[in-house]
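This report concerns only the one structure given below.
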Amino acid sequence: MFFRSPVLLRDKSKRLAVQLVSSVQTGFKYWTEKSPLKKDTRLALRKYDPIVNRHVMFYEAALAKPVRRIRRPRPLAWARWTGRNIQDLVKNVARKHEKLGYF
């Protein structure tokens with residue numbers, strides 16, 4: 001039995017992942033890493049593009065930052081857990097039962 005923690009299994013590298021896009025606009029991309037000290041400079045490399053079958057310049061593309069969603073507690077789970085606003089929950093369930101005829 002081995003101790004495995006998701007925190008310990010993460011990559012601890014400080015290097016930044018960058019995407020290189022072909023200059024001939026074929027849509028072909030490479031992924032590579034660069035030093036965090038050079039994050040302000042744009043990376044440009046001459047690499048092979050198999051779509052045009054030759055070496056072309058690849059430039060670093062800007063990566064969109066992921067949108068962080070705000071986690072809000074679900075009202076039903078919150079009411080069950082805390083007991084607050086339980087009367088509103090009971091009224092909603094009774095209204096739904098009268099409307100549909102079943103739970």
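Taking interchain pairs and intrachain pairs at least six residues apart, which have beta carbon atoms under 7 angstrom, with the first residue in the range 14-38 and in contact (Cβ under 8 Å) with a residue 40 or more places away in the chain and the second assigned to a loop (DSSP other than H, G, I, E, B) and open to solvent by 40 Å² or more (accessible area, probe 1.4 Å)?
Within 7 Å, the pairs are 18/43; 19/63; 20/43.
Looking at 96, 65, 91, which one is exposed (fewer than 10 other Cβ atoms within 10 Å of the Cβ) and either of a type outside the set (A, V, I, L, M) or touching a His at 6+ places or on another chain (Cβ under 6 Å) (or both)?
Testing whether each residue is exposed (fewer than 10 other Cβ atoms within 10 Å of the Cβ) and either of a type outside the set (A, V, I, L, M) or touching a His at 6+ places or on another chain (Cβ under 6 Å) (or both) leaves just 65.
The values are calculated or read from the model by the stated rules, or taken from the named source; none is laboratory data. Just so it is clear, the structure is predicted and the values come from calculations on it, not from any experiment. When we count neighbours, we look across all protein chains shown, and the Cβ atoms used for this are built from the backbone with ideal geometry, even at glycine. Side chains included, ligands, DNA and RNA excluded: accessible areas come from the protein's heavy atoms. Shrake-Rupley method; radii C 1.70, N 1.55, O 1.52, S 1.80 Å.
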